[in-house]
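Input: a single structure, listed below in structure tokens.
The values are calculated or read from the model by the stated rules, or taken from the named source; none is laboratory data. For clarity, every value in this text was computed on a predicted model and none was experimentally measured. Cβ: placed from backbone, ideal geometry, glycine included. Neighbour counts: every protein chain shown. With ligands, DNA and RNA removed, areas are computed over all heavy atoms of the protein, side chains included. Shrake-Rupley method; radii C 1.70, N 1.55, O 1.52, S 1.80 Å.
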Amino acid sequence: MLAPRLRSRLPAFVSSVRDHPKQSCRWQTTASTAVEPPPASGHSSSVASSKLLRITRESALRTPGIVWADEEPVRNIVGGRETRKMNLYQAVRDALSIALAKDDTAVVFGEDIAFGGVFRCTMGLAEEFGRERVFNTPLTEQGIAGFGIGLASMGHTAIAEIQFADYIFPAFDQLVNEAAKFRYRSGGNFSIGGLTVRTPTMAVGHGGLYHSQSPEGFFMGAAGLKIVIPRSPIQCKGLLLSAIRDPNPVIFMEPKILYRSAVEQVPIDGYTIPLSRAETLIPGSDLTLLTWGTPVYHCESAIQLLNSPPPSLAPLIPPSLRSAKVELIDLRTILPWDMEAVVESVRRTKRLVIVHEAGMTGGVGGEIAAEVSKRAFLRLEAPVRRITGWDVPAALQFEKFNMPDEIRILDGIIETLSY
């Protein structure tokens, strides 16, 4: 909707350039134009300014779903616990430190992790817990996964790191044919539930072909695995500790652009957040907006643009839609996903828009759309819409054009509400 309207204005602009070349060869000043131009940084709000982040101690300690790990009598949740300001990679490091301290069988390994890893998520762990428990591996993703499976089968808690999610494909055979099927193949006699595979995922803006992919969809058919993608430091710490302690092998994908940009007050005590439960971040009644990872913040921005459009976008957004209540849901666990929560929301709102960075074909959104269409078909007032990355490799330049930004999301919301 927005894109065709913008294109419809192009002929008039081209005509004015042709008829008045000297006048049109330079941009008009803000004083001579009727519509205020967009700010230099665009209309996107930064992750750091997101209202979804819990930047105070009180809000952090009241995070929904937190299960405290200590066995002491229940303390006053605000008065008895402390928090510390952390970004996402520091939250990962904190969770790994707790896992190593609480479990003598836990080991952390991967390429370059002994000195801290490329994203510094394991900084200082080798010095704190010894190089027998925190150590480097050769550059072999298949070997890392296979080694982790062997360790977990012997009763260890194996926490492996694949340096980038783009490199996980050499380990695909080990993860899908061995890890996912280990318990089933043994008739329930053996388990590798102690295996957790961490890996940075999603686009960063300049990663190109081999550092910006979102491969979660490739694992959707691997029954026996769990796939988790957090959105923030609090979520990351709690979900990672849940993944490490879960009785199933888990692939834990961390959005790399959030490592430093997402900052919260994080409880210093050990805690978990349940897997396979979606979280409603913004309640609504007119449309369900479902996503996970980095796009959570683009969706938040799109909702803000819908409700309070800037002057340059206001002519393109029907006033009747600006009061629409959009429900934003963070799926968090991709496999197995929280079907009950999503279907319940769609039955109330009657519309669903799914957003993810991976390409549309074969993406997670297709599976969700099919299941929702089956279970809530008679309640839907518009087709389920998917807003995704394009079905092309991540570009070496202009990578952001491949990502579903707030303008594309806003466009999809308007079309779905107007159907």
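Test of understanding: among Ala203, Ala278, which residue is under 13 Å from the mean Cα position of the chain (by Cα), under 27 Å from Leu352 (Cβ atoms) and buried (at least 22 other Cβ atoms within 10 Å of the Cβ)?
None of the other options fit; the residue is Ala203.
Six or more apart or on different chains, Cβ atoms under 6 Å: show the pairs whose first residue is in segment 119-147 and free of Cβ contacts under 8 Å to residues at least 24 places away in the same chain and whose second is open to solvent by 20 Å² or more (accessible area, probe 1.4 Å).
none
Among what's in segment 281-300 and is farther than 22 Å from Ser261 by Cα and in a loop (DSSP other than H, G, I, E, B), pick the residue that is least open to solvent (accessible area, probe 1.4 Å). Explain how you work it out, then say what you get.
We begin by selecting, within segment 281-300, every residue farther than 22 Å from Ser261 by Cα; these are 283-289.
Next, only the ones that are in a loop (DSSP other than H, G, I, E, B) stay: 283-286.
Details: Pro283: 102, Gly284: 12, Ser285: 64, Asp286: 52 Å².
Among them, the one singled out is Gly284.
Is there a residue being more than 26 Å from Ala262 (Cα to Cα) and either open to solvent by 40 Å² or more (accessible area, probe 1.4 Å) or of a type outside the set (Ser, Thr, Tyr) (or both) anywhere in segment 114-125?
no
Quick check, is Ile334 over 21 Å from the mean Cα position of the chain (by Cα), not polar (S, T, N, Q) and not assigned by the TED database to the domain that holds Ala243?
No: the conditions fail for Ile334.
The conditions are (1) modelled with pLDDT of 95 or more; (2) open to solvent by less than 30 Å² (accessible area, probe 1.4 Å); (3) part of a loop (DSSP other than H, G, I, E, B), and Ala60 fails exactly one of them. Which is it?
So the condition that Ala60 fails would be (3).
If you check every pair at least six apart or on different chains, which have Cβ atoms under 6 Å apart with a residue in segment 169-195 that is open to solvent by 70 Å² or more (accessible area, probe 1.4 Å) first and a residue that is not in a helix (DSSP H, G or I) second?
Close Cβ pairs satisfying both conditions: Lys181/Gly224; Arg183/Ser191.
Within segment 128-174, track down each residue that is within 17 Å of Asp103 (Cα to Cα) and not aliphatic (A, V, I, L, M).
Within segment 128-174, the subset within 17 Å of Asp103 (Cα to Cα) is 128-135, 148, 151-160.
If the condition is that a residue be within 17 Å of Asp103 (Cα to Cα) and not aliphatic (A, V, I, L, M), then Glu128, Phe129, Gly130, Arg131, Glu132, Arg133, Phe135, Gly148, Ser153, Gly155, His156, Thr157 are the ones that fit.
Scan segment 209-228 and tell me whether some residue there is farther than 23 Å from Glu141 by Cα and not in a helix (DSSP H, G or I).
No, because not a single residue in segment 209-228 is farther than 23 Å from Glu141 by Cα and not in a helix (DSSP H, G or I).
Restricting to segment 236-274, and then to whatever is in a helix (DSSP H, G or I) and among the charged types (D, E, K, R), can you tell me which residue is surrounded by the fewest Cβ atoms within 10 Å (Cβ to Cβ)?
Arg260
Is it the case that some residue within segment 384-402 is farther than 22 Å from Leu281 by Cα, aromatic (Phe, Trp, Tyr) and in contact with a strand residue (DSSP E or B) (Cβ under 8 Å, 6 or more places away or on another chain)? Break it down stepwise before answering.
Looking only at segment 384-402, we keep the residues that are farther than 22 Å from Leu281 by Cα, and these are 389-402.
Now drop any that are not aromatic (Phe, Trp, Tyr), which leaves 390, 398, 401.
Next, from what is left, pick out any that are in contact with a strand residue (DSSP E or B) (Cβ under 8 Å, 6 or more places away or on another chain): 390.
Yes - at least one qualifying residue is present in segment 384-402.
Is it the case that Arg198 is assigned to a strand (DSSP E or B), surrounded by 19 or more Cβ atoms within 10 Å (Cβ to Cβ) and among the basic types (Lys, Arg)?
So Arg198 fits the description; yes.
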